[in-house]
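Okay, so here's the structure we're looking at.
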Amino acid sequence: MRKHPIGDQEIKYGLLFGSLLAHPTVMMKTDLIKRLKYNPDWDKAEDYELWTRSDLLWVKLANIPEVPLKYRVHPAQISSATNIQQQKLLKLVRRSYWKYSGLVRHLDNDFAEELLKLYELALSKINMDKVDFLVFRILSEASRESQLVI
């Protein structure tokens, strides 16, 4: 059973690497969803894009500690059938979030580029010294709870 981080900052650090909100269980105020809306350009990754955009608009995010959902994985589900398209879109959302997130925007993009290669299975060589430096910087700025998520 997968547990997600609970607090706002921990979730936002986690969003640098992937979605940490269980989409079928999300609740939000009606006026917020009307204002944010799903972006149809991100079909197959619209939830991750919405969560990252929410952070950029200063929306507070939280997870409850209980597990309100059991999720069955099977080969016919949308995320399995469109995995390649979904992975490409997730990569673009992740890159955008790294570029604009207030958590890491001040860090050197060259270092972030090396770390992102780890998630993109880039064919080029990864400079692990830069990755180590960047992760150390992020960890040194994050709270203890956020460090555990990272």
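Within segment 119-140, the set of residues being open to solvent by less than 80 Å² (accessible area, probe 1.4 Å) and of a type outside the set (Lys, Arg) comprises Glu120, Ala122, Ser124, Ile126, Asn127, Val131, Leu134, Val135, Ile138, Leu139, Ser140.
Going through Ala76, Ala45 one at a time, which residue ends up being of a type in the set (A, V, I, L, M) and over 20 Å from Lys12 (Cα atoms)? Spell out the reasoning first.
On the way: Ala45 fails: over 20 Å from Lys12 (Cα atoms).
Criteria check complete, one pass: Ala76.
For segment 44-63, a tally of residues being within 24 Å of Gln87 (Cβ to Cβ), free of Cβ contacts under 8 Å to residues at least 40 places away in the same chain and either of a type in the set (A, V, I, L, M) or open to solvent by 70 Å² or more (accessible area, probe 1.4 Å) (or both) returns 1.
Enumerate the helices (runs of 4 or more DSSP H) found wholly within segment 1-104, keeping only those where 2 or more residues are under 14 Å from the mean Cα position of the chain (by Cα).
The helices (runs of 4 or more DSSP H) meeting that bar are 8-14, 46-56, 83-100.
Of all the numbered requirements in (1) under 25 Å from Thr25 (Cα atoms); (2) exposed (fewer than 15 other Cβ atoms within 10 Å of the Cβ); (3) not polar (S, T, N, Q), Tyr100 misses one, and that requirement is (1). Remark: pairs (first residue in segment 21-34, touching a residue at least 40 places away in the same chain (Cβ under 8 Å); second residue among the polar types (S, T, N, Q) and surrounded by 13 or more Cβ atoms within 10 Å (Cβ to Cβ); Cβ separation under 7 Å; 6+ apart in sequence or on different chains) = Leu21/Asn63.
The values are calculated or read from the model by the stated rules, or taken from the named source; none is laboratory data. Since we're looking at a predicted model, the values are computed, not measured. Glycine gets a Cβ as well: all are built from the backbone with ideal geometry, and neighbour counts include every protein chain shown. These accessible areas exclude ligands, DNA and RNA; they are computed on the full protein's heavy atoms, side chains included. Shrake-Rupley method; radii C 1.70, N 1.55, O 1.52, S 1.80 Å.
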